[in-house]
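What follows draws every value from the coordinates through simple rules; no lab data is involved. Just so it is clear, the structure is predicted and the values come from calculations on it, not from any experiment. Cβ placement follows ideal geometry from the backbone for every residue including glycine, while neighbour counts extend to all protein chains displayed.
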Amino acid sequence: MIKLTELQRDALAEIFNIGVGRAASSLSLVVGEEVVMSAPTITLCRPEEAESVLIGAEFRQFSMVSQEFSGSFDSRAMPVFPESNALEIVRLMAGAANLSLEELSEFEQEAMSEVGNIILNACMSALADMFRVELEGSLPMHRFGDSKSIIFQGAAVDDDESVVLLLQVDMYISQRRVHGHILFLLNVRSLSNLLGLLDRYLKEQGLA
Amino acid sequence: MSGAALMAGQLAAFADAFSLGVVTLDADQHVVIWNRWMEECAGLKRDDVLGRPLAELFPDIAGTRLAEAIDFAIRRRMPAILSPALNRSLLRLYKDDDDRRHDRRMRHLIHIVHLRDPAQAGACLLQISDVTAAVNRERLLRQQAENLRVATQMDALTGVFNRRHFDVLLGQEFRKAQASGAPLGVVQLDIDEYGRFSTFYGQAAAERCLLDVANALKDSVPDGGIVGRYGDDQFAIVLSGLDEDAVSEFAENLRLRIVAMAIPHEGAKSGRFLSVSVGAAVMESPGQEIDVNALVSSSDIALFQARNEGRNAAILFSMAEGNFRNCA
């Protein structure tokens, strides 16, 4: 399995940090108050490892948004929030009452899609800017899940062929901290394209 | 007619068939396609809008997430969804003239996607769905659910919890106390000679008096305290985290507060003003082998004792020592 060098990891973290920074300012525009997002930590792992991270203690049920991106590399991108955190986002951002996941109406689900969409567009456009490439995205889909199968549902996942770039990030809204993950599912070819772009970027910066 | 113009004409005719708003913009955000739905809901004819910048048609969108999302779709090929829950109605779209006169804007859901063929169709497509009815229905359902919740949990006259819900909350507090080891107290009170009060002053005054007492109780309980109507003129209170001394002080202050309200009670034998009898009990160390019924019965016994001692009294039954004491 391909491993990230420390330099690659730092550079990706920096680029995604620009992305989540942009996402935070767009989210602030939506809610009319300051939204802050922490610098993400990045791990490269196999899909089953990503699943076990998500299905750890805090993730009984989760809310996830997925968008497909294509271009210089292809990826399915998915912000995933545990049930309680997703409800917290809806409560804080859409002003919804205390609800359970089952009670969320389509409007709150659309609101979750929009939040995920904002985060992903910002991250992917930061990558596209830094690498000077074009990426095209699909419309976001939102769904809830309580089992492993749902995370990569509908995606061609081959454990020998697929990797997950796993970002952990904290969002602060109205002084509340909401923890979430962003998954980028890539096949080996797309990963090597991504790393190729990353190495080119590092060279241009005189860092490698 | 050129092939491209023919294609654009077909696309426009196709867009007219949709019962949602279809708008496409070129790379400079000038309108390329504006379907019939948009003509009707925006009140702007196609011939008047084609080739004009969207921001000129809807000045309200400047600096908003919608403007940002359109720019992103065109320049960055990133699609966007603008949900009604997170975005107010930015576009001046109205279902009919009456709504337009009263500026009752349609609630909308907007999907924005990049288009690959700017020459013919434009650089980005906006699909605008009218979700006003669904948003209103959702609001109504939520309100009805809330009304039902209130109706099944609250006492209609006094606004405190009804007995059924009070018992549920008491059970929850009892389990929390057992888990945390914090003390839990129950205080019961009834209005002295309420029957005489009702006979003397009439039903309306009696109900007014129940409401005044309930309000005084709500006002007296510390944060986290729970007040319920337990019977006709009987109320109960759950107090978490207070020991026997603190509950005893609370019970006595409550009695004094009701007397201090100076509600005339001319028919009473116990005094000129309305008074209450109060009984209290505290589960001090929740580890002990008692259940919630034992706690409630103990406060019940204390209330009985308070009535026996001539009313207008507050008595605590100590569960640990098995004896009564006057609250102070």
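Structure above, values below:
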quantity	calculated
Modelled FRET efficiency - R0 45 Å, residue A:129 with residue B:148, Cβ distances, 0.05 increments	0.30
Radius 15 Å from Cβ of residue B:50, net charge of other residues (Lys, Arg +1; Asp, Glu -1)	-3
Under 23 Å from residue B:95, Cα to Cα: lysines that are on another chain or at least 8 residues apart	B:45
DSSP loop trypsin sites (Lys or Arg not before Pro) with at most 16 other Cβ within 10 Å: longest gap in chain B	B:117-268
Taking only Cα atoms of segment B:60-163, radius of gyration then Dmax in Å	20.4, 71
Pairwise FRET efficiency - residue B:20 versus residue A:207, Cβ, R0 = 51 Å, nearest 0.05	0.55
Whole-angstrom Cα spans of segment B:181-328 along principal axes, big to small	48, 29, 24
Segment A:1-96: trypsin sites (Lys or Arg not before Pro) falling in loop per DSSP and having at most 13 other Cβ within 10 Å	A:3, A:60
Per-selection metrics, chain B (Cα): Rg and Dmax in Å	33.7, 105
Test item: Cα-centred dipole of segment B:1-90, Lys/Arg +1 and Asp/Glu -1 on Cβ, debye	280
Partner aspartates and glutamates for residue A:203 [C-alpha distance under 19 Å; skip if fewer than 8 residues away on the same chain]	A:6, A:10, A:14, A:129
Cut-off of 10 Å, at most 16 other beta carbons, DSSP loop: longest stretch of chain A lacking such GluC sites (Glu not before Pro)	A:59-133
Estimated 222 nm signal from helices in the protein assembly as shown, with DSSP H stretches of n ≥ 4 weighted -39500 (n - 2.57), rounded to 500	-14000 deg cm²/dmol
Where N is the number of residues in the protein assembly as shown, Cα Rg divided by 2.2 N^0.38 Å	1.35
Unit charges on C-beta of K, R, D, E only; dipole of the protein assembly as shown, Debye	820
Per-selection Kirkwood Rh - segment B:58-102 (Cα, Å, 1 d.p.)	12.0
Loop-exposed GluC sites (Glu not before Pro) per DSSP, neighbour cap 14 Cβ within 10 angstrom, longest uninterrupted part of chain B	B:1-265
Segment B:196-268, Cα convex hull volume normalised per residue, Å³	91
Estimated FRET transfer efficiency (residue B:320, residue A:39; beta-carbon r; R0 45 Å; 0.05)	0.20
Dipole axis of the protein assembly as shown (+1 Lys, Arg; -1 Asp, Glu on Cβ), positive-most option in B:50, B:25, A:30	B:50
Positive dipole terminus of chain A, leading residue within A:70, A:44, A:18 (C-beta point charges)	A:18
Approximate spin-label separation residue B:99-residue B:199, in nm, with each point projected 7 Å along Cα-to-Cβ	6.3
